[in-house]
Amino acid sequence: MKVTLKNLTKIFPNKKTKSEVIAVNNFDYVIEDGELIGLLGPSGCGKSTTLNLLSGLLEPTSGSIFFGDDDVTMLPAESRGVGLVFQNYALYPHLTVLQNITFPLENRKGKDKLSKEQMVEMATEVARLVQIDGLLDRKPSELSGGQQQRVAIARALVKKPRILLLDEPLSNLDARLRLQTREELRRIQRSTGITTVFVTHDQEEAMSISDKIVVMKDGVVHQTGAPQEVYDDPINYFVATFLGTPPINCFDGCVKDGKISIGDEAIMDCAGVSDREVIVAIRPEGFSLDGDEKQVFTCELSRVEVMGRDMSVVAMHEKCKSPLIRAIIDSDNLKNLNGDKVVFGLKPHKLFIFEKESGERIRF
Ligand code: ADP
Ligand code: MG
């Protein structure tokens with residue numbers, strides 16, 4: 001199901017301060033049929049509000065939502081055909097796994113009414129899909145967190161929803177289970193082909209499973225696109241710093257006479273850009289130690305951490321916005337490191353400059 005958000009806006013009044021919060025500001029976007037969208041941004045940026053507008057739990061202040069060609073903006077939640085999964089699995093503790101999954105099917109009336117056998121059949125089918133079909137007789141308390149979340153996903157899927165909405169569904173799981181469950185989610189989404197919006201504040205999670213990501217801040221969509229596209233071509237400082245592990249390295253710098261400088265060192269040409277103060281941002285993989293670079297940048301060497309295939313060179317620079325710089329480098333080049341200075345080569349496509357005040361990207 002294709003989903004269209006048109007100028008979607010949600011404003012919450014704040015009765016105490018008499019001010020208002022624009023939780024979602026003019027969100028305009030088309031989710032293509034069958035896509036998995038990662039809605040990504042820091043806490044409070046409007047992700048859950050957007051999801052609740054899609055589900056019908058909240059009514060927008062203005063704007064509209066279409067499922068296919070149907071305007072569902074004013075349709076109540078129960079008529080929209082959405083499956084919802086939240087961070088806390090919200091299973092009924094006194095019901096078995098099977099009963100939890102069939103629960104949404106129980107109160108169908110008239111021609112939609114299902115027999116007991118039909119419900120069990122539908123529940124068993126989704127239970128198999130999320131690989132909990134061996135656990136149908138258990139109570140939620142007899143399941144691990146990961147298994148409970150699978151039950152919640154099965155319960156959302158059993159109604160054959162038109163779209164699936166997931167609000168930080170992996171946040172209660174430990175690191176290993178998170179990783180495993182997110183791959184699982186991707187598999188389930190692929191095999192059902194159901195249009196899915198996945199909300200998370202974890203950029204790595206969103207990048208790893210989404211067809212497209214939508215990066216939000218303060219209710220405003222900053223950038224959308226395939227994860228790699230957005231990572232490689234951030235439109236502003238916020239997006240550049242929000243994506244990437246380890247994070248991008250940022251420096252106070254300037255442009256003078258067509259060259260980017262950090263401190264006294266001119267590190268790269270940027271012909272055509274007029275003189276100004278900028279933020280220089282370099283991805284960890286944007287440094288090299290091949291020894292034959294034209295464009296170099298000198299830092300103080302702090303330490304080297306070898307991590308198998310790659311090594312992490314940790315360095316410092318007085319203009320760096322954080323205490324340490326982290327460069328990820330092929331460990332074959334370890335031999336080029338000695339002394340208390342490190343002279344990095346720089347890869348031009350991994351280095352961005354931004355306006356100091358507005359954070360807008362300056363292209364060169
Ligand atoms: P996220 O899910 O990205 O953390 P939310 O969508 O929950 O963010 O919230 C976005 C903003 O809207 C926040 O500033 C939050 O405080 C505010 N907000 C959310 N729900 C309400 C509400 N029911 N009443 C007032 N303000 C709200
Ligand atoms: Mg939220």
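The values are calculated or read from the model by the stated rules, or taken from the named source; none is laboratory data. Not measured: the values here are computed from a predicted model. We place every Cβ from the backbone using ideal geometry, glycine too, and count neighbours over all the protein chains shown. With ligands, DNA and RNA removed, areas are computed over all heavy atoms of the protein, side chains included. Shrake-Rupley method; radii C 1.70, N 1.55, O 1.52, S 1.80 Å.
Mind jotting down the distance between the C-alpha centroids of the stretch 256-286 and the stretch 43-83, whole Å? Rounded to whole Å, the Cα centres lie 44 Å apart.
Evaluating 6.51 cos²θ - 1.76 cosθ + 1.60 at θ = phi - 60° for every residue in the stretch 265-275, the Karplus couplings come out as 9, 7, 9, 6, 7, 8, 3, x, 8, 6, 4 Hz, glycine and proline recorded as x.
Across the stretch 205-218, coupling constants 3J(HN,Hα) worked out from phi with the 6.51/-1.76/1.60 Karplus curve, θ = phi - 60°, read 4, 5, 4, 6, 10, 8, 6, 9, 10, 10, 9, 10, 8, 6 Hz, and Gly and Pro carry x.
The calculated pair-distance distribution of the stretch 247-362 uses every alpha carbon pair, bins of 5 angstrom beginning at 0, and gives 2, 12, 23, 25, 18, 10, 6, 2, 0 percent. Using only Cα atoms, find the angle between the long axis of helix 97-106 and the longest principal axis of the chain, and express it within 0 to 90 degrees, rounded to the nearest 10. With rounding to tens, the tilt is 70 degrees.
Given their separation in residues at 0.36 nm each and the Cα-Cα distance between them, ALA77 and VAL30 gain 14.9 nm when the chain is fully extended.
Taking the C-alpha atoms only, the angle from helix 116-129 to the longest principal axis of the chain is near 20 degrees.
Listed values for the stretch 309-316 are Karplus-derived 3J(HN,Hα) couplings in whole Hz (6.51 cos²θ - 1.76 cosθ + 1.60, θ = phi - 60°), namely 4, 10, 10, 10, 9, 9, 9, 9, and x replaces Gly and Pro.
The dipole here belongs to the chain: it is taken about the Cα centre, uses +1 on the Cβ of Lys and Arg and -1 on the Cβ of Asp and Glu, and is about 1300 debye.
Taking a straight line from the alpha carbon of LYS321, these aspartates and glutamates sit under 19 Å away, with near neighbours fewer than eight places off in the same chain left out: ASP252, ASP264, GLU265, GLU277, GLU285, GLU300, GLU355, GLU357, GLU360. Dimensions of the chain based on its C-alpha atoms, expressed as ranges along the principal axes with the largest first, amount to 77, 47, 39 Å. What angle do you read, to the nearest 10 degrees and between 0 and 90, between the alpha-carbon axis of helix 145-157 and the longest principal axis of the chain? Tilt relative to the chain: about 60 degrees. When you work out D = kT/(6 pi eta Rh) for the stretch 232-303 at 25 °C and 0.890 mPa s, using the Kirkwood radius from C-alpha pairs as Rh and the Stokes-Einstein form, the result is 182 µm²/s. Going down the list LYS294/LYS341; LYS2/LYS217; LYS16/LYS356; LYS259/LYS341; LYS15/LYS47, which pairs span over 28 Å between their C-alpha atoms? The answer is LYS16/LYS356. Only protein atoms count toward the accessible area here, which uses a 1.4 Å probe; on the chain, the carbon and sulfur part of that area reaches 49 percent. Positive-end ranking of VAL314, ILE328, PHE198 along the dipole of the chain, with charges on Cβ about the Cα centre, is headed by PHE198. If I model the stretch 281-347 as equal point scatterers sitting on the Cα atoms and use the Debye formula, what is log10 I(q)/I(0) at q = 0.13, 0.16, 0.28 Å⁻¹? Once normalised to I(0) and log-transformed, intensities are -0.30, -0.46, -1.51. Averaged per residue, the chain has 49 square angstrom of accessible surface, using a 1.4 angstrom probe with ligands and nucleic acids left out. In this simple spin-label model, placing a label point 7 Å from the Cα along the Cα-to-Cβ direction at both GLU360 and LYS116 gives a separation of 6.8 nm.
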